[in-house]
Amino acid sequence: MFKNKNGLTRKEIKQKEREEYEKRVMNYNNVVAIELANRNKPKSSPKDSFVSIQKVNKIYDNLVQAVFDFSLDIKKNEFIVFVGPSGCGKSTVLRMIAGLEEITSGNLFIDGQYANSLPPKDRSIAMVFQSYALYPHMSVYDNMAFSMRIKETLVPVLDDNGNQVYGPDKTKIEEINKELEGFYKKKEEFSNIEKLENELNILKDEIKKIKEENPNLIKNKELKFKEKEEHKLITKLYEAKLELKDINEKITLLEENLKETENTNVPQFVSKKLNKEEIDERVDEASKILQIEEYLDRKPKALSGGQRQRVALGRAICKRAKLFLMDEPLSNLDAKLRVSMRSEIIRIHKKIGATTIYVTHDQTEAMTMADRIVIMKKGVIQQIGKPKDIYNHPANIFVATFIGSPSMNIINTKIIDNKIKFDDDNILNLDPALVDKLVLIIKEKLAKINYFIENGKEQEYEKSLNAKREEFKLNANKKGYKFEFDENDQLIDPLTSITLDDYEKSICDRIYEDKLTEAIKAKEHYEKLLETKEYEIKFGIRPENVFIENNYVEENIKASNKLTLKITIPELLGNEYYLHSSLQNHDFIFKASANNELKENDSIKVVFDLNKVHIFDTVDDEILL
């Protein structure tokens, strides 16, 4: 009988594939239901953010999810870099910001404007691609001027002295007022609620009177008719109150938003077609910034890769867009040109004062260019922070090894009696206070796991129920939706009476059970650590935080006890060595100055900077200390 490497038969494989597909379907339905409900709710972005991405998900038609709950607020003039391996979802997020990919769920704001359904041409963005995307039959000048010739461009409004005019955002005020007007009209439609309540009370009194006069009477036609009318009125009143409550909430939020917009002064712009002189001025200015004035009459085929990329940047600069999006623009360039273009892009960014989102798989570009870095893996944000913070305080092993060259040394080991024994010759002494802190963190993680084991299934049910409730709210006002009554003819509140059917529960159970298996393993692991006091960890230290004995000048180093390492490969890089050795049967790399005379098979004494030691969890690779 055929079995795969996991010991599953063909039938079991198909069953597993079916279960995975059902989970993806349920996940998609939940995400879409919440998004449909979200579209009818008032939305806003934080005051100090220029681009606000709020819980954005992307699920393709084949139900594969590429981006999971991506949230990020970007300030004006900030340079943000999305970095991660191929297939991590960074370009997908960029394309959703540009409007080239549809957002499955979540909110996107650009300069305070809700942009989910905004066409790309109205988002005031400029995009620079990896492939340059230049028109081969046009000169450099024509490539840079083309977009300004065919469409209107936003230009600043200036006063008589040539200064930028500031004032309230009239376009936004007009949009809010238009939206408010629609809700005010809708609210007027519910002016008959009081009348409906009176009719219902009268009808109830009539029914009560009939029942009192004829207590033993089997329901006659008149009573049946009146009770049926009562049900209709109760349903109608519930629908009306539900929608009116929703409308009032929206009006309150919009009125607050309007007041704030009216009291906030922003630069004023007007949209117009540029004349030839204005186009010439913009092209000349961009060409000077990029130092390509002498190439304006050339065709792209007569330019080098770096020059073509400058032209693509120039085209973006000419637009004077609010937002620059760059999708791996340096990937096609050679190593030397990449270095010069990195500094060129930073210089341009600072000169024009634009907000820039830059996508790359190169951690060197991310570290050297970014104000903040967003590290992604499999569609999930791993860490957001300034380059130095991410380098010194990685959130997990993926970040620790992805950022930095050479990457951080990671060794599977144990802490016993406040010591790490790598081998007989190398025992690292740790501060007892550090180990005490580690024990507290392990206990906290164990408490979270126990909570999940007890409540995880209910959480999965509640997640699916919330999606069903949101779906109900959308359907509540549709004609023909039937409400239910109990045996006392009282309306059952639909929101509290919504339940999951057996099929929906079974999928939730499977999702929970998959997580439960991992949770139980983690629980047993943590309990064993606390019982034996032998703490299995992944020890991490960067190559530059390992020093040859008595050969370091940096201040604030907390030197460990001495360890002995044997050099297996000395790599000389001019001013420094990358020294390869072995520690607990792991390849271990550290740096040393080229002033040292070092050769293969030398045994040297080293110390670790205990301030820069990282301890990771063996269960989920997350940072512990």
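So that you can scan it fast, the table gives a plain yes or no per residue for (1) under 23 Å from Lys322 (Cβ atoms); (2) modelled with pLDDT of 90 or more:
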residue: Ser105; (1), (2): no, yes
residue: Val128; (1), (2): yes, no
residue: Ala145; (1), (2): yes, yes
residue: Lys151; (1), (2): yes, no
residue: Asp169; (1), (2): yes, no
- Determine, yes or no, whether Glu255 is open to solvent by 40 Å² or more (accessible area, probe 1.4 Å), closer than 24 Å to Gly167 by Cβ and part of a helix (DSSP H, G or I). yes
- Of the residues that make up the stretch 552-572, is at least one out of contact with any strand residue (DSSP E or B) (no Cβ under 7 Å at 6 or more places or on another chain), open to solvent by 30 Å² or more (accessible area, probe 1.4 Å) and modelled with pLDDT of 90 or more? yes
- Message: Residues to consider are Thr401, Thr368, Thr355; find the one that is of a type in the set (Ser, Thr, Tyr), more than 18 Å from Gln130 (Cβ to Cβ) and in contact with a Leu (Cβ under 6 Å, 6 or more places away or on another chain).
- Response: Thr355
- Query: How about the stretch 164-175: which of its residues are open to solvent by 100 Å² or more (accessible area, probe 1.4 Å) and either part of a strand (DSSP E or B) or polar (S, T, N, Q) (or both)?
  - Reply: Tyr166
- Does the stretch 525-544 hold any residues that are within 32 Å of the chain's Cα centre (by Cα) and over 17 Å from Asp417 (Cβ atoms), and which are they? His525, Tyr526, Lys538, Gly540, Ile541, Arg542, Pro543, Glu544
- Message: I'd like to know if the stretch 477-486 contains one or more residues that are open to solvent by less than 80 Å² (accessible area, probe 1.4 Å), touching a strand residue (DSSP E or B) at 6+ places or on another chain (Cβ under 7 Å) and at pLDDT 90 or above.
- Response: no
- Hey, can you tell me all the residues within the stretch 232-247 that are exposed (fewer than 15 other Cβ atoms within 10 Å of the Cβ) and under 15 Å from Glu206 (Cα atoms)? none
- Task: Those residues that are open to solvent by 50 Å² or more (accessible area, probe 1.4 Å) and over 21 Å from Ile589 (Cβ atoms), I need them from the stretch 407-420; list them, please.
- Result: Lys414, Ile416, Asp417, Asn418, Lys419
- Item | Residue satisfying all of: in the stretch 1-33; open to solvent by 80 Å² or more (accessible area, probe 1.4 Å) and modelled with pLDDT under 75; nearest to Gln54 (Cα to Cα) among these | Asn6
- Item | Single residue of Gly404, Gly353 found to be surrounded by 15 or more Cβ atoms within 10 Å (Cβ to Cβ), on the phi > 0 side of the Ramachandran plot and in contact (Cβ under 8 Å) with a residue 60 or more places away in the chain | Gly404
- Message: So, in the stretch 513-551, how many residues would count as being touching a Ser or Thr at 6+ places or on another chain (Cβ under 9 Å) and of a type in the set (S, T, N, Q)?
- Response: 1
- Query: Looking at the stretch 258-311, which of the residues that are of a type outside the set (S, T, N, Q) and assigned to a loop (DSSP other than H, G, I, E, B) is surrounded by the fewest Cβ atoms within 10 Å (Cβ to Cβ)?
  - Reply: Asp297
- Task: Of all residues in the stretch 176-190, count the ones that are in contact (Cβ under 8 Å) with a residue 40 or more places away in the chain, open to solvent by 50 Å² or more (accessible area, probe 1.4 Å) and within 34 Å of the chain's Cα centre (by Cα).
- Result: 2
- Taking Lys523 as the residue in question, decide whether it is buried (at least 16 other Cβ atoms within 10 Å of the Cβ) and under 15 Å from Thr413 (Cα atoms). no
- Task: Among residues belonging to the stretch 437-452 that are within 27 Å of the chain's Cα centre (by Cα) and of a type in the set (Val, Ile, Thr), point out the one that is nearest to Asn27 (Cα to Cα).
- Result: Ile449
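The values are calculated or read from the model by the stated rules, or taken from the named source; none is laboratory data. Since the model is a prediction, treat every value here as computed from it, not as a measurement. Please note: Cβ atoms are built from the backbone with ideal geometry, for glycine as well, and neighbour counts cover all protein chains shown. Accessible surface areas use protein heavy atoms only, side chains included; no ligands, DNA or RNA. Shrake-Rupley method; radii C 1.70, N 1.55, O 1.52, S 1.80 Å.
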